[in-house]
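Please read the structure below before turning to the comments.
The values are calculated or read from the model by the stated rules, or taken from the named source; none is laboratory data. Predicted, not measured: the structure shown is a model, and the values here were computed from it. Glycine gets a Cβ as well: all are built from the backbone with ideal geometry, and neighbour counts include every protein chain shown. Note: accessible area is taken over every heavy atom of the protein model, side chains too, but ligands, DNA and RNA are not part of it. Shrake-Rupley method; radii C 1.70, N 1.55, O 1.52, S 1.80 Å.
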Amino acid sequence: MTANPATHITASTCCYCGVGCGVLIEHDGEQILGVKGDPQHPANFGKLCSKGSTLHLTGDLSARALYPELRLGKGLARSRTDWDNALDHAANVFAETIREHGPDSVAFYISGQLLTEDYYAFNKLARAVVGTNNIDSNSRLCMSSAVAGYKRSLGADAPPCNYEDIEQTDCLLIAGSNMAYAHPVLFRRLEEAKAKRPEMRIIVIDPRRTDTCELADLHLALQPGTDVPLFHGLLHILMWEGWIDRRFIDQHTEGFDALKTLVRDYTPQMVSELCGIPVADLQTCARLIGSAPSFLSLWCMGLNQSSSGSAKNSALINLHLATGQIGRAGAGPFSLTGQPNAMGGRETGSLSNLLPGHRDAGNRQHREEVARYWGVEQLPDSAGLTAVELFDAVHAGRIKALWIACSNPAQSMPNQTLIHQALASCPFVVVQEAFANTETCRYADLLLPAASWGEKEGTVTNSERRITHVRQAVPAPAEARPDWAITSDFARRLEALLRPGQASLFDFDSPQALFDEYKYLTEHRDLDLCGLSYALLDAQGPQQWPFPRGASAGSPRLYANAQFPTLTGRAHFIADAYRAPQEKRDTRFTLSLNTGRLRDQWHGMSRTGTAPRLFAHAEEAVVSLHPDELRRRRLQDGQLVSLKSRRGSLVLPVHSDDSVRSGHAYLPMHWGDRFLKGLGTNVLTSPAFDPLSKQPELKHAAVEVSKVDLPWQLFALVEGDVQNRLGALRPLLEGFTYASLVPCGHEHPALVLRAAAAVPPDNALLAQIDQLLGLNDGPVLAYDDPRKAVGKRVRIEDGRITAIRLAGETAARDWLKSLWQEQRADAELRRWFLAPLSTPPGSAEAPGSGGKTVCSCMNVSRNAICAGIGRGLDLAGLKQELGCGSQCGSCVPEIKQLLAKPMSATVNA
Ligand SMILES: Nc1nc2c(c(=O)[nH]1)N[C@H]1C(S)=C(S)[C@@H](COP(=O)(O)OP(=O)(O)OC[C@H]3O[C@@H](n4cnc5c(=O)[nH]c(N)nc54)[C@H](O)[C@@H]3O)O[C@H]1N2
Ligand SMILES: Nc1nc2c(c(=O)[nH]1)N[C@H]1C(S)=C(S)[C@@H](COP(=O)(O)OP(=O)(O)OC[C@H]3O[C@@H](n4cnc5c(=O)[nH]c(N)nc54)[C@H](O)[C@@H]3O)O[C@H]1N2
Ligand code: SF4
Ligand SMILES: [Mo]
């Protein structure tokens, strides 16, 4: 980015993942113009991934929530209102509901993408003003098993390691984490560390062969949900071989005998059969762990999102305790956090069972401490609802007013049919959102526009306990306001109604005022933040907690003295037996559905979905199956299928993919009902949850795939005004059985519509679509054969294609799309229009395969890379000649995989 005199640079953070990269935002005081990695930030030292480096290209104003909007009755449209009216109305409805039905008839559902100050404001509002523990967050779907695991095993919810430990370890175990996609900059750091010290050993435990496996010395492709027996089996071998640390166990832990008795049964043979892993690989894995001078494990949703999520967490921590691999450089159990401020949410106590400062809502003393600090008589003692239970209660009519902030549950919660019903039936739904077009916004009776990335101030804590000051670069658009301000403003209005005449608990005029109040709730606790302030963070840069008063620096590592924050000071071994994933596969549902991340998309895609180039790596929703499963069902790669679970179904293309094991299916989590007809990925997933952490089992549902016969097909592409067109076209897709509507394009943003049906739709629907595509007048080539229900349109302006619509016969789609991409509209195109049923020039490609873009920074396709490999280029040559992998590096693992593949497999793509 080129800085000119009128531009300013503001140091802030990336708003996506928990790596917590520092960014330098380039702006003119009004608009964000560019972004680059902050070379000073200790998380990324200047690096950014494909998502972080495109932040300035996101946030299209036509997708943003700009004004408060209020619906005055179900069935009516919302209309614009002002902030005073909006918040007074909300306060009146909440106060009335609370008076009539009690404080537990309302609930707050918030998010790990809020800043710490926002979180604190919500938490104080719910517990102190409303008097309910019904405040839960999307972290319930994300980190709650790690919270339960750490607390149970070590006594406090504190990841003890830091990023340098990952670089320094001798043996790294990565379990249920695809960090190449989900924590890319940390993966870049790991790549560099492994290149410097090739003797470092890396083990990946994941049912899929992910890009993360590119660095692995050993990949254990286990059966879904079998991590507990795997970890117990490893401990069995470690004990048998004498690779445990007896002294550490005796001096610093308790509960080993019970665990020893339990793992006796987890023999290598038994574990090998249960997990589907060769005995030899188990032995190798145990040897790598047992013989390593230092051993560190990283994990993420593959462990947490499970009906035995807390057992998985504790079983892994057991391995560290048994080998004494904790509290030293390069050692320890290190849970990766997903969202940018998942940690801040845990610290401020923003799950229904927690209270600020790593306290528990179920602990009377903790409640009294917080109540005293806030100056209220008491805090509520009834148990609060957790995410799945909370939406069940909304569905059952027990929650009558629901406040949702910074989350899109109508896309991200399991069992979407119930979620949509719940939101539709809830008497009053408030949605505090930065983007107006999410699935959840549709149900908002009150939509409150929130400031978003680059527009707000506060703090966040990343995966390594490091707190960064998030700085505002530009004003929020139109009437959007920062979350802390919305929440505090509402809280003051509610207090006035519920506790009239009393001093306000929300006398905050800045996020800093919230931080300064909050931090003393951590005093003398494991996360003590009392030595921190905005001024200190500005002067000394991001800091790790604990950072008590008087400290001169944060704490890079915990438990160096092997003293644990339990009653006895000893860590606990946890002996949980294996429990299989809850939903059984049977003859009707034979496959296990796994869901997770794409490299370039973020959750429901409200933000990444505004940068069309981020769709180049995965152009549409596809379900991946092993080639054997396709063969068994007589399915072709790219064919449309019905994907069904016991709760719902989707129609989408199937993709042949040997990185998925036979018996498994993989579908990215990102698809909701905006870009695909149906209620999205989570219409299929199961609400079954872990008994302790209450985290739902998003990584396993029993599903089946079957052929659908939809001979009539539609393909359309239109350039420009992507967000508005998306909103206008989406309702029309209900007229098809299958429909996908996805942005694309690098220089020229466009929208691609693919649809299919058993019989041709009526002409009125096509005419409506044509109108939205700008194909019903102007410079349009048209061909119609009504007898065959075939119709084709191409709009050509200034010698370039700007819109395409092929109905009934779509063989020319890839050819036309490539003409559009290359900005050509030559004589060949006109000739083809005269005889359009002849085979189009150029060859067709299966969706989701060969032609996709691998490098989204430099717009380099898989085909171009394979051709380069065919010419004998290596990674350095590819980088130099094609540019791929030379920018953010997110695509390097995939390029390496292409380099490693035999040529026959790569060239035919
Ligand atoms: N690109 C991108 N990055 C993100 C996000 C995003 O939306 N997009 N979201 C962020 C958030 S909030 C989170 S929580 C993290 C998630 O980060 P990750 O957890 O790394 O990502 P996932 O793809 O959800 O799941 C990780 C892996 O778990 C594997 N898995 C499934 N079942 C099992 C099992 O039974 N055992 C084991 N061992 N593994 C299993 C899956 O195959 C998958 O590869 O990513 C963060 N980073
Ligand atoms: N099948 C399946 N489902 C999953 C998962 C999975 O692996 N598989 N993973 C789960 C996990 S780990 C997670 S974390 C969840 C995430 O699920 P969600 O919580 O739904 O995540 P987002 O789509 O990121 O929602 C955040 C919303 O906040 C809005 N927003 C952005 N910035 C701001 C802001 O500053 N203020 C406000 N008020 N709003 C803002 C965004 O536009 C967006 O709509 O999904 C879960 N769902
Ligand atoms: S790794 Fe990528 S998404 Fe995560 S914080 Fe860094 S730049 Fe953002
Ligand atoms: Mo997450």
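Legend: calculated FRET efficiency, Ala383 to Asp516, from the Cβ-Cβ distance at R0 = 41 Å, rounded to 0.05, equals 0.85.
Hull volume per residue, based on the alpha-carbon atoms of the range 543-648 and their convex hull, is 279 Å³. Both numbers refer to the Cα atoms of the range 129-222; Rg and Dmax are 16.6, 56 Å. Label-to-label distance for Ala580 and Phe45 is 4.8 nm, based on points extended 7 Å past Cα in the beta-carbon direction.
Reducing the range 535-552 and the range 730-759 to their Cα centroids gives an inter-centroid distance of 50 Å. Among the listed pairs Lys47/Lys456; Lys677/Lys896; Lys456/Lys677; Lys312/Lys584; Lys194/Lys456, which have their C-alpha atoms separated by more than 27 angstrom in this model? Among Lys47/Lys456; Lys677/Lys896; Lys456/Lys677; Lys312/Lys584; Lys194/Lys456, the Cα-Cα distance tops 27 Å for Lys677/Lys896; Lys456/Lys677; Lys194/Lys456.
What the chain shows is 34 Å² of accessible area per residue, with the surface traced by a 1.4 Å probe over protein heavy atoms. Spread over its residues, the convex hull of the C-alpha atoms of the chain is 165 Å³ per residue. For the range 174-239, taking the reciprocal of the average inverse distance between every pair of different Cα atoms yields a Kirkwood hydrodynamic radius of 12.7 Å. All Cα-Cα distances of the range 1-160, cut into 10 Å bins from zero to the largest, leave 9, 22, 29, 24, 14, 2 percent in each bin in turn. Around the amide H of Ala701, modelled in the peptide plane, lie the amide H atoms of Leu593, all under 5 Å away and 5 or more residues distant in sequence or on another chain.
For the range 224-283 versus the range 861-893, the inter-centroid distance based on Cα atoms is 42 Å. With a cut-off of 8 Å between alpha carbons and a minimum separation of six or more residues, what is the relative contact order of the range 712-830 in percent? So the answer I get is 28 percent. Sparsely packed loop sites in the range 665-757 (the GluC sites (Glu not before Pro) outside DSSP H, G, I, E and B with at most 15 other Cβ atoms within 10 Å) comprise Glu747. With R₀ fixed at 30 Å, the C-beta to C-beta distance from Thr7 to Glu96 puts the FRET efficiency at about 0.05. If a spin label sat at a point 7 angstrom from the Cα of Arg830 along the line to its beta carbon, the backbone N atoms of the range 797-812 nearer than 20 Å would be those of 797-805. Using a simple spin-label model with pseudo-atoms 7 Å out from Cα toward Cβ, Glu241 and Leu567 lie 3.7 nm apart. Normalised by the number of residues in the chain, the average gap of Cα pairs under 8 Å and 6 or more apart makes the relative contact order 15 percent. Evaluated at q = 0.16, 0.22, 0.23, 0.30 Å⁻¹, a Debye calculation over the C-alpha positions of the range 304-352 (equal weights, vacuum) places log10 I(q)/I(0) at -0.62, -0.96, -0.99, -1.04.
The spread of Cα positions in the range 8-57, taken along each principal axis and listed from longest to shortest, comes to 28, 20, 13 Å.
Checking every one of the GluC sites (Glu not before Pro) in the range 161-246 against DSSP loop status and a limit of 12 other Cβ atoms within 10 Å picks out Glu199. Summing Cβ point charges (Lys, Arg +1; Asp, Glu -1) relative to the Cα centre of the chain gives a dipole of roughly 1620 debye. Between Leu61 and Ala496, residue separation times 0.36 nm minus the direct Cα-Cα distance comes to 153.1 nm. Centre-to-centre, using Cα atoms only, the range 612-687 and the range 455-471 are separated by 36 Å. If R0 is 56 Å, the Cβ-Cβ spacing of Asp84 and Leu899 corresponds to a FRET efficiency of close to 0.35. Across the range 594-733, the volume of the C-alpha convex hull divided among the residues equals 132 Å³ per residue. The relative contact order of the range 144-335, computed from alpha carbon pairs under 8 Å that lie at least 6 residues apart in sequence, is 35 percent. Please label the shape of the range 144-335 as rounded, prolate or oblate, based on the square roots a ≥ b ≥ c of the eigenvalues of the alpha-carbon gyration tensor (a/c under 1.5 means rounded; beyond that, a/b larger than b/c means prolate, else oblate). In terms of gyration-tensor shape, rounded. When a/c is below 1.5 the answer is rounded, else prolate if a/b is larger than b/c, else oblate, so apply that to the range 482-584 with a ≥ b ≥ c taken from the square roots of the Cα gyration tensor eigenvalues. Verdict is oblate for the range 482-584.
Among the GluC sites (Glu not before Pro) found in the range 356-395, those both in a DSSP coil and sparsely packed, with 10 or fewer other Cβ atoms within 10 Å of their Cβ, are Glu377. Is the shape of the range 712-830 best called rounded, prolate or oblate, per the rule: a/c under 1.5 gives rounded, else a/b larger than b/c gives prolate, else oblate, with a ≥ b ≥ c the square roots of the Cα gyration tensor eigenvalues? Judged from the Cα gyration tensor, the range 712-830 comes out oblate (a/c at least 1.5, b/c at or above a/b).
Per the Kirkwood formula applied to alpha carbons, the range 853-907 shows a radius of gyration over Rh ratio, Rg over Rh, of 0.91. Modelled this way, with points 7 Å down the Cα-to-C-beta line, the labels at Asp628 and Ser425 are 4.4 nm from one another.
Taking His320, His8 and ordering them by how much accessible surface each has at a 1.4 Å probe, largest first, produces His8, His320.
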